[in-house]
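First comes the structure, then the notes that go with it.
The values are calculated or read from the model by the stated rules, or taken from the named source; none is laboratory data. Computed from a predicted model, the values in this text were never measured in an experiment. Because the Cβ atoms are built from the backbone with ideal geometry, glycine has one as well, and the counts that use them run over all protein chains shown. Keep in mind that these areas ignore ligands, DNA and RNA; they rest on the heavy atoms of the full protein, side chains included. Shrake-Rupley method; radii C 1.70, N 1.55, O 1.52, S 1.80 Å.
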Amino acid sequence: MDSHWDRYCLDPKVEYNFAQVFGRDAPLFVEIGFGNGESLARMAAANPDKDYIGIEVHRPGVGHLLMLLNQQGLNNVRIYCHDAIEIMEHKVADHSLAGVHLFFPDPWPKKKHHKRRIVRPGFVDLLVRKLKPGGYFHAATDWENYAEAMLAVLSESSRLKNTSPTNDYCQCPEYRPLTKFEQRGLRLGHGVWDLIFIKK
Ligand SMILES: C[S@@+](CC[C@H](N)C(=O)[O-])C[C@H]1O[C@@H](n2cnc3c(N)ncnc32)[C@H](O)[C@@H]1O
């Protein structure tokens with residue numbers, strides 16, 4: 001954290017022009033809740049022509065990603081250690097994102113906690129505002145009833161189009177690496193549901 005914070009972490013109080021931060025105008029992706037960052041680092045390494053902003057509140061996860069970015073000399077990732085909704089609302093320009101990734105968000109399995117889930121109608125409005133036309137939102141979860149709830153709320157938006165040929169879930173695309181939480185879910189015998197919607 002001490003050695004690499006300044007190189008990779010962004011200050012939530014500062015207004016940035018991300019093209020200036022990255023020194024180029026490349027397609028920009030946000031990953032919300034990257035966990036330990038292993039899959040974000042893998043994606044960034046595989047796509048040097050794209051830029052990534054990872055947002056995560058869990059400091060040890062941020063530390064782990066800092067280590068990976070430094071070890072691999074990656075320059076196409078920046079990090080906010082802050083609440084993703086606040087960053088998306090206030091620091092990301094409208095119609096600026098090529099994609100938003102939300103891989104294995106906290107499932108809040110108890111019914112009384114469902115209101116804490118990140119994908120809700122207000123979140124969908126925020127996504128629609130921040131994505132460019134043609135940009136996409138990709139979520140994955142290992143909780144079937146969260147997948148069903150996401151499918152319902154995303155399908156309700158007239159500004160988003162489901163890319164699934166069956167109008168529900170997608171095959172996991174090649175660009176999405178296996179994540180730590182996904183591996184844990186698979187060990188527990190959970191299924192995995194990917195949802196990919198494009199902004200019209
Ligand atoms: C279940 S974990 C999944 C982590 C990772 N994507 C994976 O698949 O291994 C969910 C992550 O989202 C983060 N998170 C939850 N709410 C957040 C928020 N509002 N802003 C940023 N990160 C958040 C948590 O700290 C946690 O690391």
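Within this structure, T179 fails the test of being within 20 Å of F29 (Cα to Cα), surrounded by 14 or more Cβ atoms within 10 Å (Cβ to Cβ), more than 15 Å from the ligand (Cβ to nearest atom) and not acidic (D, E). Within segment 75-94, the set of residues being more than 17 Å from G122 (Cα to Cα), among the aliphatic types (A, V, I, L, M) and within 13 Å of the ligand (Cβ to nearest atom) comprises just one member, I79.
Within segment 137-146, being touching a strand residue (DSSP E or B) at 6+ places or on another chain (Cβ under 6 Å) and within 14 Å of the ligand (Cβ to nearest atom) holds for H138, A139, A140, T141.
The set of residues from segment 95-136 being within 10 Å of the ligand (Cβ to nearest atom), closer than 30 Å to D25 by Cβ and surrounded by fewer than 19 Cβ atoms within 10 Å (Cβ to Cβ) comprises just one member, I118.
Of the residues making up segment 23-45, those that are assigned to a loop (DSSP other than H, G, I, E, B) and either closer than 17 Å to R184 by Cβ or within 8 Å of the ligand (Cβ to nearest atom) (or both) are G33, F34, G35, N36, G37. The residues of segment 48-74 that are loosely packed, with under 15 Cβ neighbours inside 10 Å, over 15 Å from D2 (Cβ atoms) and either modelled with pLDDT under 95 or within 16 Å of the ligand (Cβ to nearest atom) (or both), listed by number, are V57, H58.
The set of residues in segment 1-22 that are among the charged types (D, E, K, R), assigned to a loop (DSSP other than H, G, I, E, B) and open to solvent by 70 Å² or more (accessible area, probe 1.4 Å) comprises D2, K13, E15. When F197 is tested against (1) within 16 Å of the chain's Cα centre (by Cα); (2) under 20 Å from G54 (Cβ atoms), just one condition goes unmet, and that condition is (2).
The test for being within 29 Å of G122 (Cβ to Cβ) and in contact with a Pro (Cβ under 8 Å, 6 or more places away or on another chain) holds for M43.
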